[in-house]
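Below is one structure; the comments refer to it alone.
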Amino acid sequence: MDRRDFLKTSLHLSALAMIQLSGIGCSHQPESAGSPSDLPALPYAKDALEPFISSRTLEFHYGKHHQGYAANTVKLIAGTNLAKLPLKEIIQKSHGIKELVSTYNNAAQLFNHNFYWECMKPSGGGKPQGKILQAIEQSFGSFDAFVKAFSESATAQFGSGWTWLVKDGNQLKVINTGNADTPIAMGTVPLLTIDVWEHAYYLDYQNRRADYIRAFMDHLVNWEFAAKNMDQNA
Ligand code: MN
């Protein structure tokens, strides 16, 4: 199958089975702000991040883990008053509600992964330019100090979770969230994230999470995406 074939993004459960059988298309689609049934296609080919993240990792991480969160979310909200809401509202309305813990976890993981794929691109990484660089320097002292803070935070996350660059008022901050937790539920604006669940790196790096984080910072970060997130929430 031509990898540029357009992936149908409607995610009825029958379509999910089809997607998994037919391989994953990779046409670019913008991050979905819509319902959980709008699973965005990967914004690049499955092998586009090699050698830093392998196509085998993306096959499992996007094709199994991410799609699993999407399918579960669709199932869990079916027939409830959350069914018609945009994904971000589903996350905010289910956050902290004991009966909706599975809904929250799956919806938050769906959002986090939609966001994470956009945080990377082939030949990315290194130092950004313009307003986001100025904001980073203002908040962290220097770009190098930000890289150190982000990398150390991602390395130190105990167990599964995410490390984020967020905008909190006028400050940029590095935070960790455990398991599925997401800044969307906490009132801060995510600009950039790295997935530090083992499924994100184990096939390529085994236990060497620090090497995965270094590859992300040096070769993969999509700073244009982070800058766009900052501009949209100025
Ligand atoms: Mn993941």
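The values are calculated or read from the model by the stated rules, or taken from the named source; none is laboratory data. Since this is a predicted model, take the numbers as computed values, not measurements. Positions of Cβ are generated from backbone atoms using ideal geometry, with glycine treated the same way; all protein chains shown enter the neighbour counts. When the accessible area is computed, the model is the full protein with side chains, heavy atoms only, and any ligands, DNA or RNA have been set aside. Shrake-Rupley method; radii C 1.70, N 1.55, O 1.52, S 1.80 Å.
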Query raised in the report: Restricting attention to region 127-148, which residues are surrounded by 18 or more Cβ atoms within 10 Å (Cβ to Cβ), of a type outside the set (Ser, Thr, Tyr) and in a helix (DSSP H, G or I)?
Result: ILE132, ALA135, ILE136, PHE140, PHE146, VAL147
Report task. Need at least 2 residues that are under 22 Å from ALA107 (Cα atoms) per element, so show me which helices (runs of 4 or more DSSP H) inside region 167-234 make the cut, counting only ones lying wholly within it. Result -> 223-232
**Report entry** Single residue of region 76-124 satisfying the filter (in contact (Cβ under 8 Å) with a residue 12 or more places away in the chain and of a type in the set (D, E, K, R)) that is farthest from SER160 (Cα to Cα)
**Finding:** LYS84
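Give me the residue from region 167-182 that is closer than 15 Å to GLU152 by Cα and away from the ligand (no atom under 16 Å from the Cβ) and, out of that set, most open to solvent (accessible area, probe 1.4 Å).
In the first step, residues of region 167-182 are kept if they are closer than 15 Å to GLU152 by Cα; the result is 173-177.
Within this subset, residues satisfying the condition of being away from the ligand (no atom under 16 Å from the Cβ) are 173-175.
Working: LYS173: 81, VAL174: 36, ILE175: 43 Å².
Step by step, filter region 167-182, then rank; the result is LYS173.
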Report task. Considering (1) of a type outside the set (A, V, I, L, M); (2) more than 13 Å from the ligand (Cβ to nearest atom); (3) in contact with a Phe, Trp or Tyr (Cβ under 9 Å, 6 or more places away or on another chain), say which one ASN105 fails and leave the rest. Result -> (2)
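Which count do you get for residues in region 183-200 that are within 13 Å of the ligand (Cβ to nearest atom) and in contact with a His (Cβ under 9 Å, 6 or more places away or on another chain)?
Step one: list which residues in region 183-200 are within 13 Å of the ligand (Cβ to nearest atom), which gives 193-200.
Within this subset, residues satisfying the condition of being in contact with a His (Cβ under 9 Å, 6 or more places away or on another chain) are 195, 197, 199-200.
Count: 4.
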Report summary line: Listed by first then second residue, the pairs whose first member lies in region 166-184 and is more than 18 Å from VAL196 (Cβ to Cβ), whose partner is hydroxyl-bearing (Ser, Thr, Tyr), with beta carbons under 6 Å and at least 6 positions apart or on separate chains, are ASP168/THR188; GLN171/SER139; LEU172/SER139
Report task. For region 119-126, indicate whether the set of residues that are within 16 Å of the ligand (Cβ to nearest atom), open to solvent by less than 60 Å² (accessible area, probe 1.4 Å), in a helix (DSSP H, G or I) and modelled with pLDDT of 95 or more is non-empty. Result -> no
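Condition first: surrounded by fewer than 17 Cβ atoms within 10 Å (Cβ to Cβ), within 16 Å of the ligand (Cβ to nearest atom) and not assigned by TED's automatic domain parsing to the domain that holds ASP211. Can you find one or more residues in region 69-78 that meet it? Give the steps one after another, and end with the answer.
Of region 69-78, the ones surrounded by fewer than 17 Cβ atoms within 10 Å (Cβ to Cβ) are 75, 78.
Retained after the next criterion (residues that are within 16 Å of the ligand (Cβ to nearest atom)): none.
Scanning region 69-78, I find no residue that is surrounded by fewer than 17 Cβ atoms within 10 Å (Cβ to Cβ), within 16 Å of the ligand (Cβ to nearest atom) and not assigned by TED's automatic domain parsing to the domain that holds ASP211, so the answer is no.
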Query raised in the report: Which is crowded, with 18+ Cβ neighbours inside 10 Å and within 16 Å of the ligand (Cβ to nearest atom), of HIS65, HIS95, HIS61?
Result: HIS61
